[in-house]
Amino acid sequence: MSLVRQFREGAVDFFASFGAACLFMLRMLADTPRALLRPGLIFRQVHVVGANSLVLIMMAGLFVGMVLSLQFYNTMAKFGAEQSLGPVVVLALVRELGPVVTALLFAGRAGTALASEIGLMKATEQLAGMEMMAVDPIRYVIVPRFLGAFIAMPLLTAIFNAIAILGAWFVAVQMMGLDGGQFWAPMPDNVDVFDDVLGGVLKSVFFGAAAGLLAVFEGYRAHPTAEGVSRATTRTVVITAMTVLVLDYMLTAMLI
Amino acid sequence: MSNTDVLIEIRGLKYRRGDKIIFDGVDIDIPRGKVIAFMGPSGTGKTTLLRLVTGQLRPDAGTIRIGGEDVVALDRDALYALRRNMGFLFQNGALLTDLSAFENVAFPLREHTDLPDALIRDLVLMKLQAVGLRGAADMMPSELSGGMARRVALARAVIMDPEMIFYDEPFVGLDPISMGQIVRLIKRLNEVLGLTSIVVSHDVPEIASVADRVYLIADGKVVGEGSPRELRDSDSPWVKQFVQGLADGPVPFHYPANDIRDDLLGGEKSP
């Protein structure tokens, strides 16, 4: 009985939050045209969010590419299929791992920073202060941060992919002794620019929107206390990670 | 008092938070050009009253007219237009932490006007000079002391030359020197700029020295009003308790609770 009730309360809570997030999204979209008139604010956020995550994304990309190449090389060598290693690794990267791992790292690095920054601005009455100065905090603070995350995510994903492919090449060709030509030559026939590469970019666009929305939403509705801000930060990572993984499946199912 | 002299007119204001009634029929007139104080014990909703008047909160009933316009009925754009005429000093200053003191004061000008940089610079430096912090223009908010942050925020609150300014607990947590500086600034700004000032506070001596008229708020109502001198001589038990700082009176020492014998001897665990 109480389990049923708990489940029901959880479900109600979920849908209430989901609805609130959607309304918040609509409000941001309504203010986006006017926020676009201030590109300086948006570029600054792209810079902050992007530079925050850049080194992390590059390191992660390098090692994900390397380990993927190592695993596939050893497995495929058993079947004598190592000449297909290049396309297999690259497909896995640009279609799946690039967008997903970038989004997860982004949530942990930039998403938490955004949520706690906005939460703290709320706790220290900076947002209320702006309202009293007749400056809409949604337009001045929230929308530029959301758009910053939205723009930065595909760029970071592209950088992740590029570095990961170089890492895969390094392991396969330099360490395992695969011929460089064998690594690169099958690419044009097997990796499609539109289906594979742009499909991955499209995913990262959705992930950018989700990660940006959740970070600013959780920050904006945080309780203006130390505990509230810390909860908002945690929720940002957890909910963004779950959302990205669910979205990933749904997008993959639609794109295939 | 003729109607044109009243800048802010509050009638039948009711506001509740959850089950707790904060205001139950409050009527207040705020005359133009004066320093008005809202006083009362902590937790009576003085700050809430400021937020209602400035449209940050919506009352459950009643009207709040500022210069004839009903704040409650205004839409967002009209409210923002009205707020350009208001300065608001938050308790902690609410300075934007990523901007220097100078940029904080310049912020409303940069957002709302197309003035050239040189003019903005002069205006900002003049306001900072007025609060005595021209020398701190390049400091970041984290480097300012509490009193300095509040003075920078005060410079920011008057940078648009507003008609009225609201002070939310401007004396809390300040050392005596900073407190004296703020008291002097409230007085001087009111005279020099021709402002209407509304001060929320519970510091009796400071308010007595700046306010022209005091509204004493307790228990959701206005329980006393008049000049500081009139309040000091008042016979009302509410006013007496507050002005003289008596521990017990109409505002009881004990927060409402069950009979203590029931709680201690009743055997049932307290909730």
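Using only C-alpha positions, report the orientation-averaged shadow area of the convex hull of chain B, nm², one decimal.
Taking the Cα atoms of chain B, their convex hull projects to 17.6 nm² on average.
Run the quick spin-label model on B:Asp138 and B:Lys187: label points 7 Å from Cα toward the beta carbon, then report their separation in nm to one decimal.
Calculated label separation equals 3.5 nm.
Looking at chain B only, what percent of DSSP beta bridges run antiparallel? Nearest 5 please.
So the antiparallel bridges amount to about 55 percent of the total.
For chain B, modelled as a Gaussian network with Cα springs under 10 Å, which listed residue fluctuates most, B:Pro31, B:Pro256, B:Pro116?
B:Pro256
Given 37 °C and 0.692 mPa s, compute D for segment B:138-271 with the Stokes-Einstein relation, Rh being the Kirkwood radius over Cα pairs; round to the nearest whole µm²/s.
The estimated diffusion coefficient comes to 185 µm²/s.
Points 7 angstrom from Cα along the Cβ direction at B:Ser42 and A:Thr252: gap in nanometres?
5.6 nm
Expressed in whole Å with the largest first, what are the equivalent ellipsoid semi-axes of segment A:1-43 derived from the C-alpha gyration tensor as the square root of 5 times each eigenvalue?
The equivalent ellipsoid of segment A:1-43 has semi-axes of 38, 9, 4 Å.
Aspartates and glutamates near B:Lys14 by alpha-carbon distance under 13 Å, same-chain residues fewer than 8 away left out - which ones?
List returned: B:Asp24, B:Asp27, B:Asp60, B:Asp219.
What ranking do B:Glu230, A:Glu227 get, fewest neighbouring Cβ atoms within 10 angstrom at the top?
Listing B:Glu230, A:Glu227 from fewest to most nearby Cβ atoms yields A:Glu227, B:Glu230.
For the protein assembly as shown, taking Cα atoms only, what is the radius of gyration to one decimal and the Dmax to the nearest whole Å?
Just the Cα atoms of the protein assembly as shown yield Rg and Dmax of 30.0, 102 Å.
Roughly how large, in nm² to one decimal, is the mean projection of the convex hull of the alpha-carbon atoms in segment B:66-163?
That works out to 6.8 nm², a quarter of the Cα hull's surface.
Relative contact order of chain A: what whole-number percent is it, with Cα pairs under 8 angstrom and at least 6 residues apart?
33 percent
If I histogram all Cα-Cα distances within chain A using bins 10 Å wide from 0, what percent of pairs lands in each bin?
Once binned at 10 Å, the Cα pair distances of chain A give 7, 27, 29, 19, 12, 5, 1.
Which of the residue pairs B:Lys127/B:Lys240; B:Lys20/B:Lys127; A:Lys122/B:Lys46 have a Cα-Cα distance greater than 32 Å in the structure shown?
B:Lys127/B:Lys240; B:Lys20/B:Lys127
Roughly speaking, what is the centre-to-centre gap between segment B:7-41 and segment A:139-175 when only Cα atoms are used, to the nearest Å?
That distance is 54 Å.
For segment B:119-144 and segment A:198-216, compute the distance between their C-alpha centroids and round to whole Å.
For segment B:119-144 versus segment A:198-216, the Cα centre distance is 42 Å.
Let me have the relative contact order for chain B, percent, based on Cα pairs under 8 Å that are six or more residues apart.
Relative CO of chain B lands at 23 percent.
Pairs of alpha-carbon atoms within less than 8 angstrom and 6+ residues apart define the contacts here; what relative contact order does segment B:144-271 have, in percent?
It rounds to 15 percent for segment B:144-271.
With runs of 4+ DSSP H residues as the only contributors, calculate the mean residue ellipticity of chain A at 222 nm using -39,500 (n - 2.57) per run, divided by the residue total and rounded to the nearest 500.
Using -39500 (n - 2.57) per qualifying helix, the result is -26500 deg cm²/dmol.
If you keep only loop residues by DSSP, which chymotrypsin sites (Phe, Trp or Tyr not before Pro) in segment A:183-249 have at most 13 other Cβ atoms within 10 Å of their Cβ?
Here no chymotrypsin sites (Phe, Trp or Tyr not before Pro) fit, given the DSSP loop and packing criteria.
Work out the charge dipole of the protein assembly as shown with +1 on the Cβ of Lys and Arg and -1 on the Cβ of Asp and Glu about the Cα centre, then indicate which of B:Ser234, A:Leu3, B:Val152 is farthest towards its positive end.
The listed residue farthest towards the positive side: B:Val152.
Where nothing but the Cβ of Lys and Arg (+1) and of Asp and Glu (-1) is charged, how large is the charge dipole of segment B:168-208 around its Cα centre, in debye to the nearest 20?
220 debye
Going by how many other beta carbons lie within 10 Å of each one, how would you line up B:Glu225, A:Glu9, A:Glu218, B:Glu69, fewest first?
A:Glu9, B:Glu69, B:Glu225, A:Glu218
Laboratory data are not the source of any read-out in this text; all were calculated from the coordinates shown. Here the structure is a predicted model, which is why all the values come from computation and not from measurement. Methodologically, a virtual Cβ is constructed for each residue, glycine included, from the backbone with ideal geometry; neighbour enumeration extends over all protein chains shown.
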